[in-house]
1. Jot down the radius of gyration and Dmax of the range 17-66, Cα atoms only, both in angstrom.
2. Starting at the first residue of the range 93-98, write each ³J(HN,Hα) from the Karplus equation 6.51 cos²θ - 1.76 cosθ + 1.60 with θ = phi - 60°, in whole Hz, x for Gly and Pro.
3. Applying the Karplus parametrisation 6.51 cos²θ - 1.76 cosθ + 1.60 with θ = phi - 60° to the phi angles of the range 48-57, what ³J(HN,Hα) value in whole Hz is obtained for each residue in order, glycine and proline being reported as x?
4. Around ALA44, what is the net charge, scoring Lys/Arg as +1 and Asp/Glu as -1 over all other residues with Cβ under 13 Å from its Cβ?
5. Applying a 10 Å radius around every beta-carbon, put 33-45, 50-62 in order of their mean neighbour count, most first.
6. Per 0.36 nm of contour for each residue apart, how much would the distance between HIS26 and ARG66 grow if the chain were fully extended, relative to their Cα-Cα spacing?
7. I want the local charge near ASP54. Using Cβ-Cβ distances under 12 Å, sum +1 for each Lys or Arg and -1 for each Asp or Glu among the other residues.
8. Please compute the net charge surrounding ASP79, taking Lys and Arg as +1 and Asp and Glu as -1 over other residues with Cβ under 13 Å from its Cβ.
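Computed from the coordinates by the stated procedures, all read-outs in this text should not be read as laboratory data. What you see is a predicted model, and the numbers here were worked out from it, not measured in a lab. Please note: Cβ atoms are built from the backbone with ideal geometry, for glycine as well, and neighbour counts cover all protein chains shown.
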Amino acid sequence: SSRVAAVNRQEYEAECPPSFLCPILHTVMADPVTAADGHSYERAAIAKWLSQNDSSPVTGARMPARRVVANHALRNAIDEFLEQIASASANLVPWEEVTIQEMIGEGNSKEVFCAVWRGRKIAAMTMRFG
C-alpha cells in the first residue's frame, strides 16, 4: 500500500517565511504571480481582486496595470521549503486514509496537497520516482 508524507498545515504555515503567504488569502501560495505593484499574490486571489478593484491590496495605491507575471523563483523557493519541512518532520501515513483537498505546490519529482487525515488538516507530499 502507498504511503504519503504528512505535515500539519498550521505547523508549516507558522514556520514559513512571510513572503510565501499571499497578502490576500494569508496562506502559502501555490501559483504565485507578481502584479504591477511589485508584490506577489496567489494568481486566483489577485485576479479576483483586480476584477473588483483598481488598487493594490497591499499599498492601496492605484494599480497601474492589471497584468500579472508568474513568479517562478518564488514558486521554486516555496516548493523547496515545503519539501524540507516534509522531509524533516513528516510522518508516513497510508495514502488511502488521506482526503486530498487541493494541490498547493509541485516540482519535478513531487506534488504537495492540502489534505485531511484523521480530522486534521495536513500538507501531503507525494514523490514520483523513475
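1. Every Cα atom of the range 17-66 included, Rg and Dmax give 9.9, 28 Å.
2. Karplus values, whole Hz, x for Gly and Pro: 10, x, 4, 4, 8, 9.
3. 5, 4, 5, 6, 10, 9, 10, 10, 6, x
4. Charge balance in the 13 Å sphere: -1.
5. 33-45, 50-62
6. 12.3 nm
7. Neighbour charge sum, excluding ASP54 itself: +1.
8. Working: positive: ARG75, LYS110; negative: ASP31, GLU80, GLU83, GLU106, GLU111.
Here the charged neighbours net out to -3.
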